[in-house]
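The values are calculated or read from the model by the stated rules, or taken from the named source; none is laboratory data. Note that the structure is a prediction, hence the values are computed from the model and not measured. Positions of Cβ are generated from backbone atoms using ideal geometry, with glycine treated the same way; all protein chains shown enter the neighbour counts.
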């Protein structure tokens, strides 16, 4: 092989070296189509030696998509002369370095046009524009950058970025859980009142106060104190309240609540010692009565059960037992309700509860409570693990509405950027 042939061979781009490539506009006419300059690839290289003792290499193509690294000057040329090419470059861009302050801001805005949720982490005054334009801005200094960014880190390190993401996902998941609990609390009370209205009675005033102020307010405040998960996972929290998983959870939990209350009501009617109330007398004058006592006792337990079932841990929050105040509140309120059911004592009068002397029936009611507890957690577990797979099977995944997803799909169907030749 002559020296000329070797030079020509070195100048030709090797096959498969499109995994990591750069485009440098320096020294070229910026109005022409940009050309790729192949650089050293991370693809596997197999070397052999022929009889002529000249090493010949075969480069195995990298199966991954291309990763582009752009400098500020390159980004400026793309924005000025090749605006139609910019979205594809941004989708496959991995490194954006040595940019002017206005270029950083423009980069954040261009990424937002592709419907990305953009986070920016900076430590100087030249990052203020990008920090302000980003969806989430994190300042690493206490100087000018901290004024325009919603988050300021006490550590001068990007270690705070996954921490902010974990906290954000935890907050979003907690908001959904509290919303579901408050909706289920209202629906549970609606079921109780509806059952009692059919027999011309209702919950007492102090019973409403205990449910609203003592039980619901306490657990609703404390259930949101659970911290974020220690590890940042790949799963994302739900993004819409009116979605199939959220509505399915609400409907199934309400069905379970109504079934348990109706079961307790009909078991009460079947007892030999049961005496029906006088329906000619309107509520609250017909209190206390057995129907009201049973429905109130069961529904009080259900508010605690729903609060515990909605306080799921992984993958976005820590386990339930790490929230000690919430756990203590559940234990104390649960103990008080058990005592109120078995030995009401002096609280029976103010709460207008009937005296049920049948211990076996009280234990049967506690069995219904245990069934509701297990059923609520099983429903949530099944919905978390099985419902997504069922939805993917019943509803094929359609084209995404997000611009960057559409570009990723388009780039997956055709090799881009080309290893040689102009970009289009």
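It is to be established whether one or more residues within the stretch 341-349 are in contact with a helix residue (DSSP H, G or I) (Cβ under 7 Å, 6 or more places away or on another chain), part of a helix (DSSP H, G or I) and modelled with pLDDT under 90. Scanning the stretch 341-349, I find at least one residue that is in contact with a helix residue (DSSP H, G or I) (Cβ under 7 Å, 6 or more places away or on another chain), part of a helix (DSSP H, G or I) and modelled with pLDDT under 90, so the answer is yes.
Here is a yes/no grid of residues against (1) exposed (fewer than 12 other Cβ atoms within 10 Å of the Cβ); (2) at pLDDT below 80; (3) closer than 25 Å to residue 68 by Cβ; (4) in the same structural domain as residue 244 (by the TED database):
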{"residue": "380", "(1), (2), (3), (4)": "no, no, no, yes"}
{"residue": "384", "(1), (2), (3), (4)": "no, no, no, yes"}
{"residue": "387", "(1), (2), (3), (4)": "no, yes, no, yes"}
{"residue": "400", "(1), (2), (3), (4)": "no, yes, yes, no"}
{"residue": "404", "(1), (2), (3), (4)": "no, no, yes, no"}
{"residue": "409", "(1), (2), (3), (4)": "yes, no, yes, no"}
{"residue": "413", "(1), (2), (3), (4)": "yes, yes, yes, no"}
{"residue": "416", "(1), (2), (3), (4)": "no, yes, yes, no"}
{"residue": "421", "(1), (2), (3), (4)": "yes, yes, yes, no"}
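Condition check for residue 278 on (1) closer than 14 Å to residue 197 by Cα; (2) assigned to a helix (DSSP H, G or I); (3) without any contact (Cβ under 8 Å) to a residue 24 or more places away in the chain: one failure, at (2). Counting only residues that are without any contact (Cβ under 8 Å) to a residue 12 or more places away in the chain and surrounded by 11 or more Cβ atoms within 10 Å (Cβ to Cβ), which one in the stretch 350-373 is farthest from residue 299 (Cα to Cα)? Per the stated criteria, the residue is 363. Looking only at residues of the stretch 321-345 that are touching a residue at least 12 places away in the same chain (Cβ under 8 Å) and within 16 Å of residue 296 (Cβ to Cβ), we find that the one that is surrounded by the most Cβ atoms within 10 Å (Cβ to Cβ) is 341. On the stretch given as the stretch 92-109, residues that are surrounded by 17 or more Cβ atoms within 10 Å (Cβ to Cβ) and more than 27 Å from residue 163 (Cβ to Cβ) total 2.
From the list 236, 317, exactly one residue is in contact with a helix residue (DSSP H, G or I) (Cβ under 6 Å, 6 or more places away or on another chain) and either farther than 30 Å from residue 355 by Cβ or crowded, with 16+ Cβ neighbours inside 10 Å (or both). Which is it?
On the way: 236 fails: in contact with a helix residue (DSSP H, G or I) (Cβ under 6 Å, 6 or more places away or on another chain).
The unique qualifying residue is 317.
Restricting attention to the stretch 245-273, which residues are surrounded by 16 or more Cβ atoms within 10 Å (Cβ to Cβ) and more than 15 Å from residue 181 (Cα to Cα)? Listed by number, the residues that qualify are 258, 260, 261, 263, 264, 265, 268.
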